[in-house]
Amino acid sequence: MRFLLRLSSLVALAVAVIAGTIDSIQSVAASAVVMTPMGDAWQDVSPASLVALQSSIAYYVHPRFYTFIFQWLMLQPAFGVFLVLALLLWMVGYKKPPVAGRFTA
């Protein structure tokens, strides 16, 4: 389980770096700061899954959750969302080192 969490964290970190690189290239080209919102990035990659997730959240969870939390999340920069996701996944999959050290019996 920890392996999958850490692997997911690595994938989220790679996506965050790619999204940040794309935003920085667009910022240099436009001579202004460009940060792609998560909703726009998801719409570009897979619009069908975005619509399916929106409708399922509004139907199964609660419509207010969709209007407040999900729409707020979709307005945040994509690289920031994936950085936070990578950090959370890494924290959940982190294994504490033993207190006594590695050479104890």
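Summary of computed values
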quantity: Under the span-like rule (Cα at least 24 Å along the axis, Kyte-Doolittle mean at least 0.0), DSSP H helices of the chain; calculated: 2-30
quantity: Within the chain, longest stretch clear of exposed trypsin sites (Lys or Arg not before Pro) (DSSP loop, no more than 16 other Cβ within 10 Å); calculated: 1-94
quantity: Largest-first ellipsoid semi-axes for the chain, taking √(5λ) over the Cα gyration tensor eigenvalues, angstrom; calculated: 32, 22, 11
quantity: Estimated dipole of the chain in Debye, rounded to 20 [Cβ of Lys and Arg +1, of Asp and Glu -1, Cα centre]; calculated: 680
quantity: Under 12 Å, Cβ to Cβ, from residue 50 - net charge with Lys/Arg +1 and Asp/Glu -1; calculated: -2
quantity: Most to least packed among 82-90, 36-44 [average Cβ atoms within 10 Å]; calculated: 82-90, 36-44
quantity: q = 0.24 Å⁻¹, region 37-76: log10 I(q)/I(0) [Debye, one scatterer per Cα]; calculated: -0.76
quantity: Cα-based shape type of region 1-61, given that a ≥ b ≥ c are square roots of the gyration tensor eigenvalues and the cut on a/c is 1.5; calculated: oblate
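Only the coordinates and a few stated rules stand behind these numbers; no lab work does. These numbers were taken from a predicted model, which means no experiment stands behind them. For neighbour counting, all protein chains shown are included, and Cβ atoms are generated from backbone atoms with ideal geometry for every residue, glycine included.
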